[in-house]
Amino acid sequence: MLYVDGEWRGASSGRSFEVVNPANGVTIGDVADANRTDAAQAILAASVAFNGWSRLTAFERSDFLYRAYGLMMERKEALARLMTEEQGKPIKAARNEVQYAADFFLWYAEEAKRVYGDVLPAPRSDQRFLVLRQPVGVVAAITPWNYPVSMITRKVAPALAAGCTIVVKPAEQTPLCAMEVFGILHDAGIPAGVANLVTTANPAPIGEELVENAAVAKVTFTGSTEVGTMLAARAAASMKRVSLELGGHAPFIVFEDASPDYAAKGASLVKFLNTGQACISPNRIYVHKSIVDPFLDVLVERVSRMRAGDGLEEGVSIGPLVDEQALEKVNRQVGDAIDHGATLHIGGQRLTEDGLDAGFFYAPTVLSGVTPEMEIYNQETFGPVAPVITFTDDDEVLSLANNTSYGLAAYVYTHNLSRAMRMFEGLHFGIVGVNDINPTAAAAPFGGMRQSGIGREGGREGIAEYLEVKLGGFSI
Ligand code: ADP
């Protein structure tokens, strides 16, 4: 269903599309398939609503976001279960995501009241300078399937807090989660037209409308570097503001002074989170030559205990991949690595036993001896494969880690303070975890450098993305 101007409705074409559980291939829903006209109607609704919403006091807007937070917490379990069915992640991970998603409502309910102006010193005694921060206007948001609830609230909450109105186009794989989020916004009493949802099986025409419609002031996108770059280029034609959260190729560096056990535990937890389908997933695990053996022992032992399956089953920690194409990509990268001399420690094939053939399951996999000639060394995997590479020297590993066009997340394991600081400063990545695998929270700025994107989400920075700065010069 589309949610436009405060009402649920079908697509103007009357068409719909099916949503499938990636763990078992079962159809779990039938959703309105919007076209470009529907998107234009949603933009119009957002545009009409902007005047009223942006003139509310920050306290009033904040109240709506507090209500949305409360409702999401009340519905946490149901939303988590739906997420597991629609996206495949294990229920515990789904609960964590709903909490993370709700945190954005709470954080931005508070930040709504911290949008300050400035009074600046002026060069003339009869002059005064004032700075206002005002909402940019109508926002168009495109979100991915891998974090189907939090990637929506991470955009909607700061946009609404700033006084913007919004049109969201969720990923075609996960529209049901998006509809639940909009059910929450509706029940929180957010006025008609302020937040609109356009579900579709065919994103390209909707994307065109969102980046070309003159009423849209800002485009915010989370997804692949390829699509994000294309959308940003088209948005530039009408000078729309853009925020982009794109792909990553995260290095995970383990120095010789780190505990190989602790680092391997961290690597196993963050690498296989969401079955490797995260833009901050470690993609190149650099381990100092002197500790690579104990590191691999612990990593392989931990991976051997992971169970793949339907995320609603107790004890399952590995969900399915999103689709057949994702399976093929992982399989190709692993095959190519082995062909070029990598050692396979565990995994390395599609899982088909015990009914898993109905879904897109790949065995959690560990490779060592990975080198720059291999595809997996150079490309984002987005799957459950841990490629281990050995190194011997600090400068060497820093330069290897930085040698990518991406710049989202990096991880460093060391107990040496100077080394930790040198790496934190030297890595060209927007997020650096030092002995830490979860450097994300609603209060923290998330985002990438270079081809990983533009702008930040979360934190104090997240709301600034939805504000224009206006200077007033007054002669008195
Ligand atoms: P992924 O490979 O992770 O699915 P995509 O960039 O294809 O990444 O998808 C992220 C989001 O971008 C989804 O909402 C998807 O529907 C949307 N998308 C994909 N292609 C286009 C396009 N041509 N125009 C607009 N949005 C698109």
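Miscellaneous remarks
- Using Cβ point charges alone (K and R +1, D and E -1), the dipole size of the stretch 376-438 about the Cα centre works out to roughly 120 debye.
- Nearest-20 debye value, the chain charge dipole, Cβ charges on Lys, Arg, Asp, Glu: 1600 debye
- When only alpha carbons are used to place a centre, the stretch 321-360 and the stretch 173-207 end up 34 Å from one another.
- Karplus (6.51, -1.76, 1.60) ³J(HN,Hα), θ = phi - 60°, over the stretch 277-288, in Hz, Gly and Pro reported as x: 8, 9, 6, 9, 5, x, 10, 9, 9, 8, 10, 4
- Per DSSP, loop trypsin sites (Lys or Arg not before Pro) in the stretch 76-165 with at most 10 further Cβ within 10 Å: 124
- Ordering 325, 411, 337 by Cα displacement along the dipole of the stretch 250-434 toward the positive end leaves 411 in first place; charges were set at the Cβ atoms of Lys, Arg (+1) and Asp, Glu (-1).
- Looking at the chain, the accessible area is 40 square angstrom per residue; that uses a 1.4 Å probe and ignores ligands, DNA and RNA.
- Annotation: extensible slack from residue 215 through residue 417 equals 67.7 nm (criterion: 0.36 nm per residue apart, minus Cα-Cα distance).
- Distances between placed amide hydrogens fall under 5 Å for residue 168 paired with 141, 196, 197, 198, all partners being 5 or more residues away or on another chain.
- For the stretch 369-380, the Karplus equation 6.51 cos²θ - 1.76 cosθ + 1.60, evaluated at θ = phi - 60°, returns couplings of x, 6, 10, x, 6, 8, 4, 5, 6, 10, 10, 5 Hz by residue, with Gly and Pro reported as x.
- Rounded FRET efficiency, nearest 0.05, which uses the C-beta distance separating residue 237 from residue 27 and R0 of 25 Å: 0.05
- For GluC sites (Glu not before Pro), the sites in the stretch 261-325 that DSSP calls loop and that have at most 11 other Cβ atoms within 10 Å are 314.
- Summed side-chain charge close to residue 194 - residues other than residue 194 whose Cβ falls under 14 Å, Lys, Arg +1, Asp, Glu -1: -1
- Within the accessible surface of the chain, defined with a 1.4 Å probe on protein heavy atoms only, the carbon and sulfur portion equals 53 percent.
- Residues whose placed amide H lies under 5 Å from that of residue 16, excluding near-sequence neighbours: 33
- Measuring between their Cα centroids, the stretch 455-475 and the stretch 1-42 lie 34 Å from each other.
- Antiparallel bridge percentage (DSSP; both residues within the stretch 250-434; nearest 5): 15 percent
- For the listed residue pairs 113/240; 289/329; 92/265; 169/329; 76/240; 92/169, the alpha carbons are over 23 angstrom apart in 113/240; 289/329; 169/329; 76/240; 92/169.
- Estimated inter-spin distance, residue 120 and residue 261, nm [label 7 Å along Cα→Cβ]: 5.7 nm
- Summarising the strand pairing of the stretch 361-476, around 10 percent of its internal DSSP beta bridges are antiparallel.
- Electrostatic tally near residue 290: other residues with Cβ closer than 11 Å to its Cβ, Lys and Arg +1, Asp and Glu -1, net -2.
- DSSP beta bridges in the chain [antiparallel fraction, %, rounded to 5]: 40 percent
- Cut-off 15 Å between beta-carbons: net charge of the residues surrounding residue 262, Lys and Arg +1, Asp and Glu -1: -3
- Amide hydrogen neighbours beyond the local backbone of residue 386, cut-off 5 Å, H modeled: 365, 366, 367
The values are calculated or read from the model by the stated rules, or taken from the named source; none is laboratory data. None of these values were measured; they are calculated from a predicted model. Using ideal geometry, Cβ is built from the backbone for each residue, glycine included, and neighbour counts are taken over all protein chains shown. Protein only, heavy atoms only, side chains kept; ligands, DNA and RNA dropped before computing areas. Shrake-Rupley method; radii C 1.70, N 1.55, O 1.52, S 1.80 Å.
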